[in-house]
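Participant: Take this structure, written in structure tokens, and hold onto it; I'll ask about it next.
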Amino acid sequence: TMPEFSWPEGKTAAAAFTFDVDAESAVLWGDKSEVGVSARMSVMSHQAYGPLVGIPRILELLERHQIPSTFFVPGHTAHRYPEAVRAIVAAGHEIAHHGYLHEQPTALTLQEEIDALDRGLEALAEVAGVRPIGYRAPMWDLSW
């Protein structure tokens, strides 16, 4: 049987606020096009909006309402936008693992997946000074 759960006084619901800070990593991995997505200014500018504009706005909103959150950050994003990632940590939020270059886990060999996970961990330790506990698979694509 489930143990009895009682809500804190006056509370009847809960919500979790989580954010994926993919930036360019979401479109760079696996790009096999002749020109390459990185040459497309509109795509790259669109993807940069999150770390450059969205993160400061989100952090201000979360601070105003005193809401702790989790930010899933690919290692590539940490390397490309270290100030944004450090601002998340400085605001007291959790940094969680989200691959290195937003690699699709089921499209990788076991060794490639291990390498991507390790590379992401190293980047987050280097930039944010954290060893994440949380993990969200890139592309919402868990592998065995």
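The values are calculated or read from the model by the stated rules, or taken from the named source; none is laboratory data. A quick note: this is a predicted structure, and the numbers were derived from the prediction, not measured. Don't worry about glycine lacking a Cβ; one is built from the backbone with ideal geometry, like all the others, and counts go over all protein chains shown. All accessible areas refer to the heavy atoms of the entire protein, side chains included, with ligands and DNA or RNA removed. Shrake-Rupley method; radii C 1.70, N 1.55, O 1.52, S 1.80 Å.
Participant: Tell me the Kirkwood radius of segment 91-144: reciprocal of the mean inverse pair distance over distinct alpha-carbon atoms, in Å.
Facilitator: On the way: mean 1/r = 0.0877 Å⁻¹.
Here the Kirkwood hydrodynamic radius works out to 11.4 Å.
Participant: Now for a different question. Go through segment 1-108 and name the chymotrypsin sites (Phe, Trp or Tyr not before Pro) that are in a DSSP coil and have 14 or fewer other Cβ atoms within 10 Å of their Cβ.
Facilitator: Phe5, Phe17
Participant: Among the GluC sites (Glu not before Pro) within segment 32-95, which fall in a DSSP loop and have no more than 16 other Cβ atoms within 10 Å of their own Cβ?
Facilitator: Answer in residue order: Glu34.
Participant: Suppose we look only past 24 Å in the calculated P(r) of segment 28-144. What percent of the Cα-Cα pairs does that tail hold? Spell out each step's value before the answer.
Facilitator: Details: 2021 of 6786 pairs.
It works out to 30 percent of all Cα pairs.
Participant: Right, here's the next one. Which three numbers, in whole Å and largest first, are the semi-axes of the equivalent ellipsoid of segment 62-127 derived from its Cα gyration tensor as √(5λ)?
Facilitator: Equivalent ellipsoid of segment 62-127: 26, 12, 8 Å, largest first.
Participant: Mind listing which trypsin sites (Lys or Arg not before Pro) in segment 1-110 are in a DSSP loop and have 12 or fewer other Cβ atoms within 10 Å?
Facilitator: Those satisfying the criteria are Lys11, Lys32.
Participant: Compute the length gained on full extension between Ala107 and Lys11: take 0.36 nm times their separation in residues and subtract their Cα-Cα distance, giving the result in nm to one decimal. Walk me through the numbers on the way to the answer.
Facilitator: On the way: separation 96, 0.36 × 96 = 34.56 nm, distance 4.31 nm.
Once the chain is fully extended between Ala107 and Lys11, it gains 30.3 nm.
Participant: Return the carbon/sulfur percentage of the accessible area of segment 1-53, one whole number, probe 1.4 Å, all protein chains in place.
Facilitator: 58 percent
Participant: Here's another thing I want to ask about it. First obtain the Kirkwood hydrodynamic radius of segment 42-95 from its Cα pairs, then insert it into the Stokes-Einstein equation at 10 °C and 1.306 mPa s, and state the resulting D in µm² per second as a whole number. Numbers along the way, then the final one.
Facilitator: Working: Rh = 11.5 Å.
Reported coefficient: 138 µm²/s.
Participant: Taking only protein heavy atoms into account and a 1.4 Å probe, give the accessible area per residue of segment 5-76 in Å².
Facilitator: Averaged over the residues of segment 5-76, the accessible area is 66 Å².
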